[in-house]
Amino acid sequence: MAKCILLKAMRDGRIAHAYLFLGLQGTGKLTTALEFGKTLNCESPTDIGSCGKCAVCMWIEHGNFPDMRVWSPKGQDTTIDSMREMRDLASFRPARGKWVVNIIEQGDTLNEDSANCILKLLEEPPEYVVNILLYRNAASVLPTIRSRCQLVRFHQVSAEELAGHLVKDYGASPQEAEVVSVYAQGRPGLAITLLDDKDFAQNRETVSMVAEKAGQGNIWQALGLAEALRKGDSSDTTDDSDEKDTKFASSAKGTRETTNESLEMLLVWYRDLLATKLMGDNAIIVNSDKRHILQDQAARYPHAGPLLLRIGEIQQARQRLRGNANPQMVTELLMMRLAL
Ligand SMILES: [Zn+2]
């Protein structure tokens, strides 16, 4: 939708000099901004976007195209120094393309000084400059910025629509696309990240293993399983995973973040178990590629009651973790209870 608005502006020759892309993280703002900049500079653009073949398109895909710049925050702020640099560079005509395209990656992190520094550039830009400011939160857009930009909203999309897109444009298998798009909850950017995320795939394996062993009711395994949740790592208990990769993947994130992700996935897994227990083959589940494992596990529970209790336990564990409780204590307590 956002892309249609931009393409129509190009066809009509009514390109604004300042755009404000507003939408949650992962709704495709940066991808769209980059594609828009590429289409503007492409040597033979089509009705649906850049050609993807010309010298400019190739250059942009490989990065460092001199006329397109992404301005990212340094730490918490998009600094006044970087905004000054953006403003000053805008006085030079494009070196290679037709347009100078500035993308401010997180407008939310502009403070008042850095925003003031670019007001004039937004209001009276040289005719070859397009500025695109990406914002996640409408409340953080300063009125002085808002009044100078054309607003383009980015929305979440349905899981089906997203899955279709992942198969068609990103070469995902239908099964992979289905799982990832449900997890991403309608945020295309997040879905695309998850497709390549080794942690995500690894975490799902771990969660499936943890649920398997917890269901065996062996309380002595609980501490080991709790550790697996904190590391997002099942390599201690499965022998087909590449240990080196796993270690690297789990060290890239903090224990709290990994534990949080594991608990979220564990919750999804137990909801799938509950759905499978109640609906059998007709259950609508997230982990659709692991239906047979879910069926095996669900068969061990005499009825839905114990699964409901376990879902409650996982929800409580997530709340404790959000309330800043120690990840080790949260996961150990949870696994003791799931084993009972
Ligand atoms: Zn091109």
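With the structure loaded, tell me whether G37 is surrounded by fewer than 22 Cβ atoms within 10 Å (Cβ to Cβ) and out of contact with any Lys or Arg (no Cβ under 7 Å at 6 or more places or on another chain) or whether it fails that test. Explain how you work it out, then say what you get.
Details: surrounded by fewer than 22 Cβ atoms within 10 Å (Cβ to Cβ): no; out of contact with any Lys or Arg (no Cβ under 7 Å at 6 or more places or on another chain): yes.
So G37 fails the test.
For the range 61-77, the criterion of being touching a Cys at 6+ places or on another chain (Cβ under 9 Å) and either surrounded by 16 or more Cβ atoms within 10 Å (Cβ to Cβ) or assigned by TED's automatic domain parsing to the domain that holds R14 (or both) is satisfied by no residue at all. On the basis of being in a loop (DSSP other than H, G, I, E, B) and within 27 Å of E160 (Cβ to Cβ), does I293 make the cut? Judged against the criteria, I293 is not a match. Determine the pairs where a residue that is in contact (Cβ under 8 Å) with a residue 40 or more places away in the chain, located within the range 44-63, has a partner that is more than 9 Å from the ligand (Cβ to nearest atom) and acidic (D, E) with Cβ atoms under 7 Å apart, the partner being 6 or more residues away or on another chain. Correct list of pairs: G49/E35.
Determine if the range 304-317 includes at least one residue that is in the same structural domain as E261 (by TED's automatic domain parsing), within 26 Å of Q175 (Cα to Cα) and among the aliphatic types (A, V, I, L, M). Explain how you work it out, then say what you get.
Within the range 304-317, the first condition is being in the same structural domain as E261 (by TED's automatic domain parsing), and the residues that meet it are 304-317.
Now drop any that are not within 26 Å of Q175 (Cα to Cα), which leaves 307, 311.
Pick out the ones that are also among the aliphatic types (A, V, I, L, M) and you get 307, 311.
Checked the range 304-317: at least one residue is in the same structural domain as E261 (by TED's automatic domain parsing), within 26 Å of Q175 (Cα to Cα) and among the aliphatic types (A, V, I, L, M).
Selection over the range 181-201 of residues that are touching a Gly at 6+ places or on another chain (Cβ under 8 Å), within 16 Å of E261 (Cα to Cα) and surrounded by 18 or more Cβ atoms within 10 Å (Cβ to Cβ) gives a count of 4.
Residues that are within 16 Å of the ligand (Cβ to nearest atom) and farther than 24 Å from D108 by Cβ: find the helices (runs of 4 or more DSSP H) completely inside the range 15-90 holding 1 or more of those.
The helices (runs of 4 or more DSSP H) meeting that bar are 29-41, 55-61.
Does R204 fit the bill of being of a type in the set (K, R), part of a helix (DSSP H, G or I) and within 17 Å of I293 (Cβ to Cβ)? It is true that R204 is of a type in the set (K, R), part of a helix (DSSP H, G or I) and within 17 Å of I293 (Cβ to Cβ).
Only a single item in (1) in a helix (DSSP H, G or I); (2) touching a residue at least 24 places away in the same chain (Cβ under 8 Å); (3) among the aliphatic types (A, V, I, L, M); (4) surrounded by fewer than 20 Cβ atoms within 10 Å (Cβ to Cβ) is not met by L162, and it is number (4). One residue alone among G49, G23 is of a type in the set (G, A, S), under 22 Å from R187 (Cα atoms) and in contact with a strand residue (DSSP E or B) (Cβ under 8 Å, 6 or more places away or on another chain), and that residue is G23. Apart from one condition, A211 fits all of (1) surrounded by fewer than 17 Cβ atoms within 10 Å (Cβ to Cβ); (2) within 23 Å of R310 (Cα to Cα); the exception is (1).
The values are calculated or read from the model by the stated rules, or taken from the named source; none is laboratory data. No experiment lies behind these values; they were computed from the predicted model shown. A quick note on method: Cβ atoms are made from the backbone with ideal geometry, for glycine too, and the neighbour counts reach across all protein chains shown.
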